[in-house]
Amino acid sequence: MATKIVDKMLPTTMVGSYPRPSWYTHQLLGRDIRVAFKEVRFEEEYDDAVATVVRDQEAAGLDIVTDGNMWYDDYVGAIGAFCWYMYERIGGFEQSREQHPSTIGATDRNRVVEILDDWGGVINSGPVKHGPIRLADLYKITKRYATRPIKVSVGAGPVNLAWHVYFQHYKDAKELSYALVPIFNKEMKDLVEAGAQYLQIEDLGAWLPLFTGNKDDYKWIKDVIEKCCEGVNAKIGWHFCFGNAWGNDILSGSFPEGYQTVLPYFFETKGIDEFVLDYANREMKGIEFMKNLPKNVGIQCGVLDIRTNMIESPQTVADRIRKVLDVVPPEKVTLSTDCGMKPLSRYVAKAKLKALVDGAAIVREELVGAGAAVAR
């Protein structure tokens, strides 16, 4: 297991994104932040937004906070812009959003087709080149305002980016993903040099083989993630989103077994210290599979359902946590949200995080009490 970020049983955090404050209206629109922030009002709005969302998390009682992903723009289905933040700053991708390649010729305008069309596709017209991603710069801004440890989102990752592409230069997703590895590896090393100790790779590419039907894809995807993590001296989680875009679960219908299907191929991924998994939206269905976690790997487990505005009670959260602890030792568990909270209202997000913290406290007290009883 990697070094603990906080010396506390069942530490709490959230996956990454958080609702934008209503007054934060600026958009980067592809600009380098060092260019965009020459506009004083934009720099002030960004800094104030990060300070605000960090304060919300700390007020709720989270042990580990994030910057709320205030850096990607407030468009494309509420969360899809985390891909576009990368496309717009890595050479080799055209700037315009095209129709998603997988929806070309679709006659049934079903839910999945509409979602992918909203996300859009991108043309890869040349070799990729490291542009002004600036994750370390963004981390340094967050560090000014946080009094608690920070978890940094890194992504959308290489395989995720290669999923939505028209290939005019690289031949396929595998070749493009490998070309992107040095860019991500350098961003992660720059973050560590800036002081970051806890990184989270956001790469939905783990699900790609379920759509290609080619089990050989698991091997190169695992290798791509390992190469991204190579030489990065930090605790690293890998988020396996279970389908949060637009409040939808687009995986359960087609792949009800979900994590049980893909995780065995990635259990031994070098450099990954924990898997970040969404379970609350299914009321923890399938959590018993986590008894198969490798000895040296932990879980950051979603116990808040962020696809609904319903605010869970602390008791509901505590019940979900107990189900996790039935199969995973508490020292391997970090408690979190199911995916990012960006689609929610800020009021609902704050209330949900408070329920997460209070639910964790209930179970933590039970564990301490049980330990004392055993000692007697």
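The values are calculated or read from the model by the stated rules, or taken from the named source; none is laboratory data. Quick caveat, the model's predicted, so the values are computed rather than measured. Quick reminder, even Gly has a Cβ in these numbers, built from the backbone with ideal geometry, and neighbours come from all protein chains shown. The protein model used for the area step is the full one, side chains on, heavy atoms only, and it has no ligands, DNA or RNA in it. Shrake-Rupley method; radii C 1.70, N 1.55, O 1.52, S 1.80 Å.
Calculated mean residue ellipticity, 222 nm, the chain: -11500 deg cm²/dmol, from DSSP H runs (n ≥ 4) at -39500 (n - 2.57) each, averaged per residue and rounded to 500. Listed peptides 11-17, 272-278, 305-311, 189-195 appear in the order 11-17, 272-278, 305-311, 189-195 once ranked by packing, highest mean of other Cβ atoms within 10 Å at the front. A Förster distance of 35 Å, applied to the separation of the beta-carbon atoms of LEU29 and ASP223, puts the FRET efficiency at 0.50. Take the Cβ atoms of ASN309 and GLU175, set R0 to 45 Å, and the FRET efficiency comes out at 0.60.
Computed over protein heavy atoms with a 1.4 Å probe, the accessible surface of segment 1-99 works out to 38 Å² per residue.
Taking the 1.4 Å solvent-accessible surface of the chain as the whole, the part contributed by carbon and sulfur is 51%.
Peptides 111-117, 21-27, 44-50 ranked from most to least packed, by the mean per-residue count of other Cβ atoms within 10 Å: 44-50, 111-117, 21-27. In a DSSP loop and with at most 12 other Cβ atoms within 10 Å, the trypsin sites (Lys or Arg not before Pro) in segment 30-99 are LYS38.
3J(HN,Hα) along segment 231-240: x, 8, 8, 7, 6, 10, x, 10, 7, 9 Hz, from the Karplus curve 6.51 cos²θ - 1.76 cosθ + 1.60 with θ = phi - 60°, whole Hz, x for Gly and Pro.
Derived scalar couplings between HN and Hα for segment 12-20 equal 10, 7, 9, 4, x, 7, 9, x, 5 Hz in order, rounded to whole Hz, by the Karplus curve 6.51 cos²θ - 1.76 cosθ + 1.60 (θ = phi - 60°), x for Gly and Pro. Here's how it looks for GLN300: its modeled amide H is under 5 Å from those of PHE275, VAL276, LEU277, THR334, which are all 5 or more places away or on a different chain.
For the chain, modelled as a GNM whose springs connect Cα atoms under 10 angstrom apart, the maximal fluctuation among VAL122, VAL324, VAL40 occurs at VAL40.
Within the chain, DSSP assigns beta bridges of which about 10% are antiparallel (rounded to the nearest 5).
In terms of the mean number of neighbouring beta-carbon atoms within 10 Å, the peptides 337-343, 61-67, 364-370 order highest first as 337-343, 61-67, 364-370. For the chain, the longest principal axis of the Cα atoms and the long axis of helix 216-229 meet at an angle of about 80 degrees.
Between helix 135-145 and the chain there is an angle of about 40 degrees, using the helix long axis and the longest principal axis of the Cα atoms.
Extension gain for GLN168 to ALA194 (0.36 nm times residue separation, less C-alpha to C-alpha distance): 5.8 nm. Taking a point 7 Å from the Cα of SER22 along the Cα-to-Cβ direction, the residues of segment 323-349 with backbone N closer than 16 Å to it are 344-349.
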